[in-house]
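Here is the structure we will look at.
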Amino acid sequence: MESLLAGLMQGDDGVVEAEEIEVDPGIQKWIPAYHQDAAKVVDPTGGGNTFLGGMSVALARDEDVETAAIWGTVAASFAIEQVGPPILGKTDDGEETWNGERPLTRLREFQERL
């Protein structure tokens, strides 16, 4: 954690000089919300936390930042479709579903849309 915050540490005088902070501009790409129709959004509670969870899982699996943001967006899309957490289920062949849909199918569809 210290290495992540190292550039933000204050000097002995309590002042952080702008030249002391290294900024990585990263990727600058807009990723829209999965749902483009508000009718599918029932309750936004937990959408942000679910986004961060999906993004964290992708980063832990060595995906790049852009792909991780897409994973987070798709995960959040399931969280906001109902009150409470997504409804987990399984298909006849044992594949996990969220709200009756396969997460990987939604992920692929969203990636194609982008």
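The values are calculated or read from the model by the stated rules, or taken from the named source; none is laboratory data. Since the structure is predicted, the reported quantities are computational estimates derived from the model, not experimental observations. Glycine also receives a Cβ, built like all others from the backbone with ideal geometry; neighbour counts cover every protein chain displayed. Please note that ligands, DNA and RNA were not included when accessible areas were found on the heavy atoms of the full protein model with its side chains. Shrake-Rupley method; radii C 1.70, N 1.55, O 1.52, S 1.80 Å.
Values as computed for the structure displayed
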item: For segment 28-114: accessible area per residue (Å², 1.4 Å); result: 64 Å²
item: Which of T45, T50 is most accessible, then next, and so on - probe 1.4 Å; result: T45, T50
item: Total formal charge among the other residues, if their Cβ is under 12 angstrom from that of E109, Lys/Arg +1 and Asp/Glu -1; result: +2
item: Charge tally in the Cβ shell below 9 Å around I80, where Lys, Arg are +1 and Asp, Glu are -1, I80 excluded; result: -1
